Amino acid sequence: EAHLPAMEFYGAGYNVFVLEYTINQLDEAALKMQPLHDISRAIRMIRSRAEEFHIRPDRIAVCGFSAGAHNAAMYATNWHTDTISEYFHEDKEKFRPAAAILGYTLSDYIFMRDNTEKRSPMDVAFFKASNTAFLGTGEPSEELLDEVSPARHVTENTPPMYLWATASDELVPV
């Protein structure tokens, strides 16, 4: 959904950038924090060229849908952590997002794992495969599931968010 919503925002007068972040093909190492590093790299690049792009560097928001929403939510709850600033050897403030827009995001992996009674066997298998691609295992530990559950890490550093989902989504519970 990257380009269609981006063009809607652009048509409404916003500057937009579409990030094609790293994904896993199931036969490679787990993604872990790579998507956050991709977002961080993009934020740094956009801020460094703010004048050229005619943007306000303090007004950069992240937006995503589904897996991209999870990445944006993870970024919004982790931008200020050493996970990002130490990786880039830069001040944490360089990575601050002004806001986040999240469409049907999986925000709590522990909730998702514990609420399987309404999901089909296909959905359960998809969740396990997604865990393998993202985390390197189909049966991640409680600690790892917590780490990748942005809803469990909202703090005073988390920017304002607009969250939306649909009740008819059978894969990701509202």
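The values are calculated or read from the model by the stated rules, or taken from the named source; none is laboratory data. Quantities reported herein were computed from a predicted structural model and do not represent experimental measurements. No Cβ is skipped: glycine too gets one built from the backbone with ideal geometry, and neighbour counts run over all protein chains shown. Ligands, DNA and RNA are stripped out before the accessible areas are found, and what is left, the full protein with its side chains, is counted by its heavy atoms. Shrake-Rupley method; radii C 1.70, N 1.55, O 1.52, S 1.80 Å.
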Query - Top-ranked residue of region 44-66 - restricted to ones that are touching a residue at least 40 places away in the same chain (Cβ under 8 Å) and of a type outside the set (V, I, T), ranked as most open to solvent (accessible area, probe 1.4 Å) - result: D58
Report summary line: Sole miss for T77 among (1) more than 23 Å from P5 (Cβ to Cβ); (2) among the polar types (S, T, N, Q); (3) at pLDDT 90 or above; (4) within 16 Å of the chain's Cα centre (by Cα) is condition (1)
Query raised in the report: Across region 24-43, which residue is modelled with the highest pLDDT among those that are more than 20 Å from S85 (Cα to Cα) and surrounded by 15 or more Cβ atoms within 10 Å (Cβ to Cβ)?
Result: N24
Query - Every residue from region 122-168 that is among the acidic types (D, E) and either closer than 22 Å to W79 by Cα or touching a Phe, Trp or Tyr at 6+ places or on another chain (Cβ under 6 Å) (or both) - result: E143, D146, E147, E156
Query - Which numbered condition Y75 misses (of (1) in contact (Cβ under 8 Å) with a residue 12 or more places away in the chain; (2) in a loop (DSSP other than H, G, I, E, B)) - result: (2)
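One line per residue, one yes/no per condition, for (1) surrounded by 13 or more Cβ atoms within 10 Å (Cβ to Cβ); (2) at pLDDT 85 or above:
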residue: I110; (1), (2): yes, yes
residue: P121; (1), (2): no, no
residue: F127; (1), (2): yes, no
residue: T155; (1), (2): no, yes
residue: E170; (1), (2): no, no
